[in-house]
Every structure is written in structure tokens, then in C-alpha cells.
Ligand code: NAD
């Protein structure tokens, strides 16, 4: 099929490449000329495992191309996906101006007799589909189109496998013609397809992300109880997770959720429910626990180092999760900035996120280095903030040798407490008992 994706970011570019991989002809549109130029030059503007090869292969096969022209995209496609940002506003509600603008732009280029399915892949509040429909009709009275909701569930860091082998595909539509085309788009993926009305599909995305955030906040609240009682949150999570009704996923105590999706989607769902007159107060508690978790971590650093001013602190990890270069709303960066505010001297290392952190000046005052061992030189504490796999292969005895004080705050329960104690580290994990370090 001929498909167009408007917005070539984490969702649009990866979706476009995966659609091409299963045999569709895909035009990816973006209004950021630098991004389009980079893609034309074979440079992938984001890091996502497996994406570069996928894009190269499909560009070479002439199934994937890039343009800044919505008209070009819409003209050559039966189905037009919208994958533009839906950022939060100050009050938590969603800024839908990107979606509205794209709806107007689509209306402006739809030609008479040209039936198109317009698909909302961005995460949007329930009822947005109706607004997109009204907008296109208002700006193009003769347009022949249907609007479908097709929320995206990919996770950054595993976006390619998530898209190629999704748990489910949700398609919300009210037109048989549009639904038939959408099923054809997804046929090659051999995944379960759930067909709903537009509003239900829109709601599924916010409800799913809010539930996942709730699971994270739940185990983080349990981690605080573990710390107060001497229990081990890892064992508690294992015990809870073995119950098939609950499952082990998303029961990892840590620094709390961050990134470009969860904080905004939870805030949006609160705003949506408030707007509908059915406040979802449980989610406010989820947010509070998330904030507290970060504060507790910073407090434990303060408790150990007392005054942070002039203390040399090393940070491993700046991205909001491993296997991505995405540093938007990253909890590690929020923590780093708090330490800087209190006068600490911070040196950070991240395998993929360093460039974007520097480019957007997200943690001014932090020295970002290219090597994890360089970061810990002379440090009075090491914070492990993102659980990149490569941190497991760094020789810990060397880390200890380089540090001024062998104090480690493990914000992801990445290391084994017994090993750390045996190596002589003063080791603080999340929700785990503190073991006395073995004397050197
Ligand atoms: P992104 O910022 O990475 O990409 C959006 C792209 O849209 C950018 O390249 C931008 O230049 C482009 N754009 C903006 N306005 C445009 C216009 N008028 N015409 C053409 N291009 C335009 O965003 P993203 O992370 O891909 O997220 C997109 C949507 O998908 C959001 O609603 C987000 O909530 C949702 N989502 C994101 C993820 C994720 O993990 N990132 C997962 C599921 C859903």
C-alpha cells in the first residue's frame, strides 16, 4: 500500500521504516528541513537500535523516502498517518496545536475525488478524532476522507521490535471503508487487531500509559516501605510478579518514571478526566509518589555527603531509559540539575544521550565526558541513574580505585549489593537493605 507519515520523530520515522520493511511504499514528511536533509544524506536523527539498517535497506529498495511536502505525501498515499508532537501545557492539558495545524494542512492539499484515511497515531485526548474531522471539513468542504485513531504503543529503546511484533494493534474507526484499509496496512504484521470506535481507541492509550505509571509508582511506594522496614524490594517485586494476575513487568523500583510520554500522558489523563467532570484523583497520587521518589533519592545523597557544595559527583546515565538517546524529561537530568543547583561539581557519562544533552544545553554546568571511568576520577560519590547494559562490564575495582570515596547510589538497583559490599563500596540502592562494606 502507499502510506504517508506526517512527523518523522521517534514514532513517525520508526513506523515509516517498519511499514516499508513489510512491503508498503512509505513517504515520511517532516517540516524540519534539517531533519529531512539529514535523512536524505543517510543520517538518522535519533538513536534507536536497528533503525539505521532498517532505514538504509528500505531507502535502497525505494520503499521509503523523505520530504518536507505534505502535498507530496498526501497525493501519493491512501492512508495518511499523523505522528506529530502533543506536548503538555502548563496546566497538564495537551497542546493540540500541532495536530490542528496538520489537519488544516491536509485539508489544504486534499483533491476532489481523492479518498484518504487520516490516521491519528499521536497520543491525543479522547474526542480529538472528532475535532480533526470537523477541521478538515471546515477547511475543505468537498474532502472525501475518514479519520481513524491508531494509538502507538512502542517503547523507545525497543521501538523496532515493538513495531514489528506488537502485542496488539488498536484501530478506532467508524467507517467500514477506512477500517478495511487499516486492516490491510497491518495484515503483514500478523498481530492481534482490536477494532473499536474512535473514542475508545483514543482512551486506550492514555489509560494504558497511566496504568503502567501506576505500577511504577506502586513499587516505588513499596520500596520506601522496604527501606523503612529492612525488607528487600527486589524480593518483594519477584514475589508479587510471580502472580500471573499481576506480572513482573514494570515492577522495577527506581528513580521514578520520566521521558517524553509518561509524565505528559498522566497529566493529560488527569486534565481529560477533570474536563469530563469525573476527576481521576488516583493518578494525582501516582504523580506525587513519582515526585517523592526522586526527592528521597536526592535526600539520601545529601544525608551521605552532608553539604553538596563543591562535592565531586559522578553520574552514569542521562537518558530517561537505556538504549535511547532521548533526554526529554529525563529524571537523571532533573537530578543532575538539582545537584548543580546545590553547588556540586558534576561529571556525567552517557553512551548515547550526551550529544543531545549538550545540543539542547539540558544540564548547564555539568562536565559531560566520553568515558565512564573518567567520570568517576576523584569522585566522592557515583550515581547510577540509567541502567545501560555497558555499565555491567566496567571493572568495579578500577572504579573504586579512581574514586575519592567509594560511595555508590544505585538509582536502578543495577548492581548486586553483596558484590558491592565485598568490593568495599558504601552502596545505597533503592528499597534494599544496606550491607556494611568489607574492610579493604
Ligand atoms: P518527536 O518530537 O520525536 O517527532 C515529531 C516530529 O513531528 C518532529 O520531527 C517534528 O519536526 C515533526 N512535526 C511537527 N509538526 C509538523 C508538521 N506540521 N508537519 C510535519 N512534521 C511536523 O515526537 P514523537 O516522540 O515521535 O511523538 C509523536 C507522538 O507520538 C506524540 O503524540 C507522542 O505522545 C506519541 N508517542 C510517542 C512515543 C515515544 O515513545 N516517543 C510512543 C507512543 C506515542
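The values are calculated or read from the model by the stated rules, or taken from the named source; none is laboratory data. Model, not experiment: these values are computed from the prediction. So basically every Cβ, Gly included, is an ideal-geometry build from the backbone, and we count neighbours across all protein chains shown.
Checked against (1) in contact (Cβ under 8 Å) with a residue 60 or more places away in the chain; (2) farther than 22 Å from residue 403 by Cβ; (3) within 14 Å of the chain's Cα centre (by Cα), residue 353 meets all criteria but (1). Among the residues of the range 349-366, at least one is touching a strand residue (DSSP E or B) at 6+ places or on another chain (Cβ under 9 Å) and closer than 27 Å to residue 223 by Cα.
Scanning the range 56-94 for residues being within 22 Å of residue 32 (Cβ to Cβ), surrounded by fewer than 15 Cβ atoms within 10 Å (Cβ to Cβ) and more than 15 Å from the ligand (Cβ to nearest atom) gives a total of 1. Candidates 256, 241: the one that is in contact (Cβ under 8 Å) with a residue 24 or more places away in the chain and more than 16 Å from the ligand (Cβ to nearest atom) is 256. Within the range 40-95, the residues that satisfy the criterion of being at positive phi and out of contact with any strand residue (DSSP E or B) (no Cβ under 9 Å at 6 or more places or on another chain) are 42, 50, 92. Taking the range 391-409 as the search range and keeping residues that are touching a helix residue (DSSP H, G or I) at 6+ places or on another chain (Cβ under 6 Å) and within 18 Å of residue 351 (Cα to Cα), which one is surrounded by the most Cβ atoms within 10 Å (Cβ to Cβ)? Residue satisfying both the conditions and the ranking: 399.
Can you tell me which residues in the range 28-55 are over 23 Å from residue 155 (Cβ atoms), more than 10 Å from the ligand (Cβ to nearest atom) and surrounded by 14 or more Cβ atoms within 10 Å (Cβ to Cβ)?
Taking the range 28-55 and keeping what is over 23 Å from residue 155 (Cβ atoms), we get 29, 31-34, 36-38, 40-43.
Filter once more, so that each one left must be more than 10 Å from the ligand (Cβ to nearest atom): 37-38, 40-43.
The one that is over 23 Å from residue 155 (Cβ atoms), more than 10 Å from the ligand (Cβ to nearest atom) and surrounded by 14 or more Cβ atoms within 10 Å (Cβ to Cβ): 38.
Determine whether residue 395 is without any contact (Cβ under 8 Å) to a residue 12 or more places away in the chain and closer than 22 Å to residue 438 by Cα. The answer is yes for residue 395. Can you tell me which residue within the range 95-119, out of those that are touching a helix residue (DSSP H, G or I) at 6+ places or on another chain (Cβ under 8 Å) and near the ligand (Cβ under 9 Å from one of its atoms), is nearest to residue 149 (Cα to Cα)? The extreme case among them is 99. Scanning the range 138-167 for residues that are away from the ligand (no atom under 14 Å from the Cβ), under 30 Å from residue 49 (Cα atoms) and free of Cβ contacts under 8 Å to residues at least 60 places away in the same chain yields a count of 2. Residues that are within 25 Å of the chain's Cα centre (by Cα) and surrounded by fewer than 20 Cβ atoms within 10 Å (Cβ to Cβ) do not occur anywhere in the range 299-321. Being surrounded by fewer than 20 Cβ atoms within 10 Å (Cβ to Cβ) and within 16 Å of the ligand (Cβ to nearest atom) is a property that residue 122 lacks. In summary, residue 135 fulfils each of the numbered conditions (1) within 27 Å of the chain's Cα centre (by Cα); (2) within 18 Å of residue 86 (Cβ to Cβ); (3) within 15 Å of the ligand (Cβ to nearest atom) with the single exception of condition (1). Close contacts from the range 75-88, counting a first residue that is over 15 Å from residue 105 (Cα atoms) and in the same structural domain as residue 177 (by TED's automatic domain parsing) and a second that is in a loop (DSSP other than H, G, I, E, B) and within 8 Å of the ligand (Cβ to nearest atom), with Cβ to Cβ under 9 Å and a gap of 6+ residues or different chains, come to 85/7; 85/9; 85/122; 85/260; 86/122; 86/123; 86/124; 87/260. Among the residues of the range 259-300, the ones that are away from the ligand (no atom under 16 Å from the Cβ) and assigned to a helix (DSSP H, G or I) come to 22 in all. Here residue 254 does not qualify as surrounded by fewer than 22 Cβ atoms within 10 Å (Cβ to Cβ) and either over 24 Å from residue 348 (Cα atoms) or within 21 Å of the chain's Cα centre (by Cα) (or both).
Residues that are touching a helix residue (DSSP H, G or I) at 6+ places or on another chain (Cβ under 8 Å), closer than 21 Å to residue 221 by Cβ and in contact (Cβ under 8 Å) with a residue 12 or more places away in the chain: does the range 304-314 have at least one? Looking through the range 304-314, none of the residues is touching a helix residue (DSSP H, G or I) at 6+ places or on another chain (Cβ under 8 Å), closer than 21 Å to residue 221 by Cβ and in contact (Cβ under 8 Å) with a residue 12 or more places away in the chain. Would you confirm, using the coordinates I've provided, whether residue 192 is under 30 Å from residue 52 (Cβ atoms) and either surrounded by fewer than 17 Cβ atoms within 10 Å (Cβ to Cβ) or in contact with a strand residue (DSSP E or B) (Cβ under 7 Å, 6 or more places away or on another chain) (or both)? Judged against the criteria, residue 192 is a match.
Quick check: anything in the range 334-356 within 16 Å of the ligand (Cβ to nearest atom) and within 19 Å of residue 408 (Cα to Cα)?
Pass one, the range 334-356, residues within 16 Å of the ligand (Cβ to nearest atom): 352-353, 355-356.
Narrowing the set further to residues that are within 19 Å of residue 408 (Cα to Cα) leaves none.
No; the residues of the range 334-356 include none that is within 16 Å of the ligand (Cβ to nearest atom) and within 19 Å of residue 408 (Cα to Cα).
Does any residue of the range 412-421 turn out to be more than 25 Å from the chain's Cα centre (by Cα) and not in a helix (DSSP H, G or I)? Checked against the condition, which is being more than 25 Å from the chain's Cα centre (by Cα) and not in a helix (DSSP H, G or I), the range 412-421 yields at least one hit.
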